[in-house]
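Novice: The structure is given below, and queries will be raised subsequently.
Just so it is clear, none of the values below were taken in a lab; they were calculated from the coordinates. Here the structure is a predicted model, which means the values were calculated and not measured. A quick note on method: Cβ atoms are made from the backbone with ideal geometry, for glycine too, and the neighbour counts reach across all protein chains shown.
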Amino acid sequence: MATAIPRTLVLKCDPESITFSQDEPIYSDSETENAIKTAVQHLTERHVVAFPTETVYGLGALALDATAATKIFSAKGRPSDNPLIVHISSPSMLSSLLPPSYTPSLAYKTLMHRFWPGPLTLLFPANPSCVPSIITAGHPTVAVRLPAHPVARALIATTGIPLAAPSANTSGKPSPTRAAHVLRDLGGTGRLPLLLDGGVCAVGLESTVVDGLGADGALRVLRPGGVTVEALVAALGGSDAPDGMQPPPRVLVHRRDFVLNSREENAPTTPGMKYRHYAPGVPVTLLYTASAPPDDDDDAGRGAVRCVGLDAFFREAESGASGRLGLMAQDDSPLLARARSEGAPARWLTFSLGESTEPARAAQRLFEGLLSLEEQGVERIYVQEVAEEQEGLAFMNRIRKAAATSLRIALM
Ligand code: AMP
Ligand code: MG
């Protein structure tokens, strides 16, 4: 007789029913309070729990317990050399992870003050006697974030121990921005006993990862994310920045302003890797319409990106497919207009990335669009580029990794 696979328990949480007094949660809704208590019990019994954060849904486990943290890797199928971000609920929880003699730089203090709670992850020297090496993948540093989502913060505060929490998806797939995405991917597999449903994630893609530990004092953005590079620069150099930080530290973006050493650059776990990530089960093609594609962009660097006209693009895409096709683009895109024009909707399913003046909207809808078009059964998803400014930088970072191929379209 086959053994029954344990089902995934889904508990609703209302983020608006949680407020904080000195980092302690106060609930106005008993269903939410009970859901968090159940989740804390699961966590302390060393199980994994999926929960909402403002970036994407996370798959959490006790960060300081190697047995619990190992379950994250097995549930996701994540390579064990990919380090995890540790989530805390208050700045006071931070010191438990770091060497007793360590004091953060003025730049770090400024960033924590300005962006925590929020979608910013900072690298710190790890205290090896308390942070298990499975969390850091053997690095001397630990990545830490204080999330803003009330459910995430309440869960960590009530557990009383930091939680390791990568995105709650099978490794390599798009990150989930709704509880339904998590359930479809990990639910009913026996890998996820409990999921807290706290609605839609407001940021929609992962945190910005910053390394400010270099001897030169520069802040290196290893992964662009929910806190924009423009916001980091403004916080460090703006009128609110502390006087002691003149001149302000430089903010450098990985692959734009610096590369890591060749061993780190080629590691499959480095944010700049060419290793597929964020990819749905159907192929994705990135469409360049305004900017020149980077030299190594197409087909893992196998050649120059081909350029076609608008009509030729639609003709080729339609004749090369037997089923429906997906298109994601910003509202003012001529591609979107064409895919919605008479007759076309029979072949094209479109997904709006919002107005081009609102890159945060494109970022918030990127994974949602990939996952929803995949679920609707399209054969291929075409995604139009967005300008690499503000949240557009993180959008392009993710879609370049998700897309197996790219095309350049001459719109004129
Ligand atoms: P996620 O996949 O969202 O859980 O984010 C984890 C990512 O943060 C890793 O894939 C690394 O890119 C980065 N990261 C985490 N810990 C470290 C660390 N100690 N050193 C460098 N990067 C790290
Ligand atoms: Mg992830």
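Novice: How would you classify region 172-221 from its alpha-carbon gyration tensor, with a ≥ b ≥ c the square roots of the eigenvalues: rounded for a/c under 1.5, else prolate if a/b is greater than b/c, otherwise oblate?
Specialist: prolate
Novice: Residue farthest toward the positive end of the dipole of the chain, with Cβ of Lys/Arg at +1 and Asp/Glu at -1: which of 287, 70, 277?
Specialist: So the residue furthest toward the plus end is 70.
Novice: Here is a follow-up. Where nothing but the Cβ of Lys and Arg (+1) and of Asp and Glu (-1) is charged, how large is the charge dipole of the chain around its Cα centre, in debye to the nearest 20?
Specialist: 1020
Novice: Residues with amide H under 5 Å of residue 308's amide H, sequence separation 5 or more or different chain, H placed in the peptide plane at 1.01 Å from N; which?
Specialist: The answer is 408, 409, 410.
Novice: Once phi is turned into ³J(HN,Hα) by the Karplus curve 6.51 cos²θ - 1.76 cosθ + 1.60 with θ = phi - 60°, what whole-Hz value does each residue of region 22-36 show in order, with x for glycine and proline?
Specialist: After applying 6.51 cos²θ - 1.76 cosθ + 1.60, I find 6, 6, 9, x, 10, 10, 10, 9, 5, 4, 5, 4, 5, 4, 5 Hz.
Novice: Can I ask one more? So how tilted is helix 106-115 from the main axis of the chain? Cα-based, degrees 0 to 90, rounded to 10.
Specialist: With rounding to tens, the tilt is 70 degrees.
Novice: Using modelled backbone amide H atoms (1.01 Å from N, in-plane), which distant-in-sequence or interchain residues come within less than 5 Å of residue 349's amide H?
Specialist: Result for residue 349 returns 325, 326, 327.
Novice: Take the alpha carbon gyration tensor of region 15-159, find the square roots of its eigenvalues, order them as a ≥ b ≥ c, and report rounded if a/c is under 1.5; if not, report prolate when a/b exceeds b/c, else oblate.
Specialist: Because a/c hits 1.5 or more and a/b fails to exceed b/c, region 15-159 counts as oblate.
Novice: Could you give the length gained by full extension between residue 319 and residue 230, i.e. 0.36 nm per residue of separation minus their alpha carbon distance, to one decimal place?
Specialist: Extending this stretch completely gives an extra 27.8 nm.
Novice: Who wins for biggest fluctuation among 307, 201, 13 in a Gaussian network model of the chain, springs between alpha carbons below 10 Å?
Specialist: In this elastic network of the chain, the residue with the biggest mean-square fluctuation among 307, 201, 13 is 307.
Novice: Read phi for every residue in region 58-70 and hand back ³J(HN,Hα) as whole Hz from Karplus 6.51 cos²θ - 1.76 cosθ + 1.60, θ = phi - 60°, with x for Gly and Pro.
Specialist: x, 10, x, 7, 4, 6, 9, 10, 4, 5, 5, 5, 4
Novice: Excluding residue 62 itself, calculate the net charge of residues whose Cβ lies under 13 Å from the Cβ of residue 62, where each Lys or Arg counts +1 and each Asp or Glu counts -1.
Specialist: Result for the local shell: 0.
Novice: Order of 189, 121, 357, 110 from fewest to most other C-beta atoms within 10 Å?
Specialist: 357, 189, 110, 121
Novice: Determine ³J(HN,Hα), in whole Hz, for all residues of region 43-52 in sequence, where each value follows from phi through the Karplus function 6.51 cos²θ - 1.76 cosθ + 1.60 and θ = phi - 60°; x replaces Gly and Pro.
Specialist: 5, 5, 7, 6, 8, 8, 9, 8, 8, x
Novice: What residues have an amide H closer than 5 Å to that of residue 197, excluding those fewer than 5 places away on the same chain, when H is modeled at 1.01 Å from N in the peptide plane?
Specialist: When sequence neighbours closer than 5 places are left aside, the close amide H contacts are 11, 12, 13.
Novice: What are the extents of the Cα atoms of the chain along their three principal axes, listed from largest to smallest and rounded to whole Å?
Specialist: Principal extents (Cα only, largest first): 65, 62, 40 Å.
Novice: OK, next. Peptides 315-323, 25-33: what's the order by average Cβ count within 10 Å, highest mean first?
Specialist: Taking the mean over residues of other Cβ atoms within 10 Å, the ranking is 25-33, 315-323.
Novice: Could you line up 173, 37 from fewest to most neighbouring Cβ atoms inside 10 Å?
Specialist: 37, 173
Novice: Quick check for me: using +1 on Lys/Arg Cβ and -1 on Asp/Glu Cβ, what's the dipole size of region 179-268 about its Cα centre, in debye to the nearest 20?
Specialist: Using Cβ point charges on Lys, Arg, Asp and Glu, region 179-268 gives about 320 debye.
Novice: Between 341, 133, 262, which gets the highest mean-square fluctuation from a Gaussian network model of the chain, Cα cutoff 10 Å?
Specialist: 262
Novice: How do 200, 229, 386 line up, fewest other C-beta atoms within 10 Å first?
Specialist: The order, fewest Cβ neighbours first, is 200, 229, 386.
Novice: Right, another one. Check the chain and count each lysine pair with an alpha-carbon distance under 16 angstrom, considering only pairs eight or more places apart or from different chains.
Specialist: 5
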